Each structure stands twice: as C-alpha cells, then as structure tokens.
Amino acid sequence: MYAVIKTGGKQYKVAAGGKIKVEQIAADVGQEITIDQVLAVGSGADLKVGSPLVAGASVKATVVAQGKHDKVDIFKMRRRKHYRKSQGHRQTFTELQIGAVTA
C-alpha cells in the first residue's frame, strides 16, 4: 500500500518501510508523527483519490534525523562592471522512516 502525502508545500509518494527527506518539521529524533494530509491512497491497481484529501487516511512516520543538505553556491557577476556577489545556502531537512499507511 502506498500514499501520496503533502508536507512542506511538496508532495511525496510514500510506502511502508521507506525513507524520505522532507522540509524541516519541528520534532525530536525518535519521535513518531502522524501526517493527515493524504492526497491519494493506492494498493496495486486500486487508487483512492481525495478531493482534496482522503477522508480518514493517515501516515505514521518516525523522525530518523534532522540535518542540512549540501551547500548551494550562488554567484552573480556583471562583466566589465566590477560587480561580483557570492552567497551560499544550506536548506534544512527532516528524514522520516515511514511506518504504516492507513486508509
């Protein structure tokens, strides 16, 4: 059984036993969370799509880690104008271990 969930403004297809990295969630490592924003639930050829959410569906997940992605370098330059600007950014993430998908 799999589900399409929405968290952090993005959509993810998850199944029991899988790991995903999502936008940072305020939770401690080892804490179990419940995601109620389930857009679709499927099992094989059967698919139940919500409008916009599937009623009564939820996904249980455990927080495995909190961290930061690799650094993204931003470099701006205008040729012949003596303008150079350098900046970096590291986006935070929460890694989740998917436990159970209930429909």
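The values are calculated or read from the model by the stated rules, or taken from the named source; none is laboratory data. Worth saying up front: this structure is predicted, and the values here are computed from it rather than measured. Please note: Cβ atoms are built from the backbone with ideal geometry, for glycine as well, and neighbour counts cover all protein chains shown.
For the stretch 85-96, state whether one or more residues are in a loop (DSSP other than H, G, I, E, B), over 18 Å from Gln31 (Cα atoms) and not hydrophobic (A, V, I, L, M, F, W, C). Explain how you work it out, then say what you get.
Within the stretch 85-96, the first condition is being in a loop (DSSP other than H, G, I, E, B), and the residues that meet it are 90-91.
Still in the list and also over 18 Å from Gln31 (Cα atoms): 90-91.
Narrowing further to those that are not hydrophobic (A, V, I, L, M, F, W, C): 90-91.
Within the stretch 85-96, one or more residues are in a loop (DSSP other than H, G, I, E, B), over 18 Å from Gln31 (Cα atoms) and not hydrophobic (A, V, I, L, M, F, W, C).
Under the condition of being touching a residue at least 12 places away in the same chain (Cβ under 8 Å), surrounded by fewer than 17 Cβ atoms within 10 Å (Cβ to Cβ) and within 17 Å of Thr102 (Cβ to Cβ), the residues counted in the stretch 34-56 number 8.
Could you go through the stretch 61-73 and let me know if any residue there is over 29 Å from Tyr12 (Cβ atoms), in contact with a Phe, Trp or Tyr (Cβ under 9 Å, 6 or more places away or on another chain) and either modelled with pLDDT of 95 or more or surrounded by fewer than 13 Cβ atoms within 10 Å (Cβ to Cβ) (or both). No, the stretch 61-73 contains no residue that is over 29 Å from Tyr12 (Cβ atoms), in contact with a Phe, Trp or Tyr (Cβ under 9 Å, 6 or more places away or on another chain) and either modelled with pLDDT of 95 or more or surrounded by fewer than 13 Cβ atoms within 10 Å (Cβ to Cβ) (or both). Scan the stretch 39-78 for residues that are assigned to a strand (DSSP E or B), touching an Asp or Glu at 6+ places or on another chain (Cβ under 9 Å) and of a type in the set (Gly, Ala, Ser) and jot them down. Matches in the stretch 39-78: Ser58, Ala61, Ala65, Gly67. Taken over the stretch 1-10, the criterion of being surrounded by fewer than 13 Cβ atoms within 10 Å (Cβ to Cβ) and either in contact (Cβ under 8 Å) with a residue 24 or more places away in the chain or of a type outside the set (D, E, K, R) (or both) is satisfied by Gly8, Gly9.
Among the residues making up the stretch 1-34, those that are part of a strand (DSSP E or B), of a type in the set (A, V, I, L, M) and under 13 Å from Gln66 (Cα atoms) are Ile20, Val22.
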